[in-house]
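Student: Would you mind keeping the following structure in view while I ask a few things?
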Amino acid sequence: DAMVIQNPRYQVTQFGKPVTLSCSQTLNHNVMYWYQQKSSQAPKLLFHYYDKDFNNEADTPDNFQSRRPNTSFCFLDIRSPGLGDAAMYLCATSRDRAYGETQYFGPGTRLLVL
Amino acid sequence: SQQGEEDPQALSIQEGENATMNCSYKTSINNLQWYRQNSGRGLVHLILIRSNEREKHSGRLRVTLDTSKKSSSLLITASRAADTASYFCATARNSGNTPLVFGKGTRLSVIA
């Protein structure tokens with residue numbers, strides 16, 4: 001089945017230690033998104049890729065970076081995680097980004113910062 | 001901000017009852033979507049309604065859209081314990097290549 005896969009499902013890191021979360025998709029969608037979601041809150045868009053074109057949200061901290069080496073994979077790098085970065089990180093894809101295409105989400109990676 | 005606002009924030013009902021959630025937004029939209037999120041999981045797309053549509057059905061789901069009031073409602077009929085989840089509305093602007101904007105969600109608890 002076509003899907004969005006996130007690994008790992010749970011990630012524990014230490015304060016200040018760089019961490020990378022990964023996302024892959026078999027949908028062959030052009031757009032990949034990364035969201036941060038804290039408890040009982042809406043998903044907050046960090047950035048998205050339209051093909052290789054990177055689009056950063058204005059309020060995304062510099063501590064968060066992303067890479068998309070090919071259509072299928074996208075990575076979220078947190079350079080120096082702080083306690084406030086503990087959250088669920090959701091990856092999503094859409095066929096296109098025009099006029100709010102339907103998004104397909106992975107199961108998420110829950111990040112714990114010690 | 002275009003962010004949708006769901007109402008109520010939390011809803012608790014008995015199995016078999018209907019659940020209604022509302023969403024309000026601020027700017028003109030191309031479409032509005034509803035997503036479900038089970039605890040600790042990703043979001044799942046439920047239904048999309050376009051700005052020129054007023055009502056849409058999918059199984060036990062009924063969505064209405066009133067663009068004059070900038071509001072939408074999601075009705076789940078004959079609710080089941082498995083419907084327990086958070087429900088988010090997401091709006092798509094009427095111009096430009098901009099991603100969806102998600103609201104804060106309604107947490108629905110269906111008690112068996």
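The values are calculated or read from the model by the stated rules, or taken from the named source; none is laboratory data. What you are looking at is a predicted structure, and each value in this text was computed from that prediction instead of being measured. Please note: Cβ atoms are built from the backbone with ideal geometry, for glycine as well, and neighbour counts cover all protein chains shown.
Student: Criterion first (of a type in the set (Phe, Trp, Tyr) and at pLDDT below 95) does residue A:75 satisfy it?
Tutor: No, not satisfied.
Student: Inside segment B:28-60, can you point out the residues that are hydroxyl-bearing (Ser, Thr, Tyr) and surrounded by 13 or more Cβ atoms within 10 Å (Cβ to Cβ)?
Tutor: B:28, B:35, B:51
Student: On to the next question. If you take the residues of segment B:91-112 that are of a type in the set (Gly, Ala, Ser) and under 10 Å from residue B:29 (Cα atoms), which of them is farthest from the other protein chains (Cβ to nearest Cβ)?
Tutor: B:95
Student: Hey, residue A:2 hits all of (1) under 13 Å from the mean Cα position of the chain (by Cα); (2) of a type outside the set (Phe, Trp, Tyr); (3) over 25 Å from residue B:5 (Cβ atoms); (4) at pLDDT below 95 but one; which does it fall short on?
Tutor: Failed condition: (1).
Student: Looking only at residues in segment A:95-114 that are surrounded by fewer than 19 Cβ atoms within 10 Å (Cβ to Cβ) and not in a loop (DSSP other than H, G, I, E, B), which one is farthest from the other protein chains (Cβ to nearest Cβ)?
Tutor: My answer is A:112.
Student: Quick one: which strands (runs of 3 or more DSSP E) sit completely within segment B:1-55 and have at least 3 residues that are closer than 12 Å to residue B:90 by Cα and facing chain A (nearest Cβ under 10 Å)?
Tutor: Of the strands (runs of 3 or more DSSP E) lying wholly inside segment B:1-55, those with at least 3 residues that are closer than 12 Å to residue B:90 by Cα and facing chain A (nearest Cβ under 10 Å) span B:29-37, B:43-50.
Student: Among the strands (runs of 3 or more DSSP E) contained in segment A:1-94, which hold 3 or more residues that are surrounded by 12 or more Cβ atoms within 10 Å (Cβ to Cβ) and of a type in the set (A, V, I, L, M, F, W, C)?
Tutor: Result: A:19-25, A:31-37, A:44-50, A:73-78, A:87-94.
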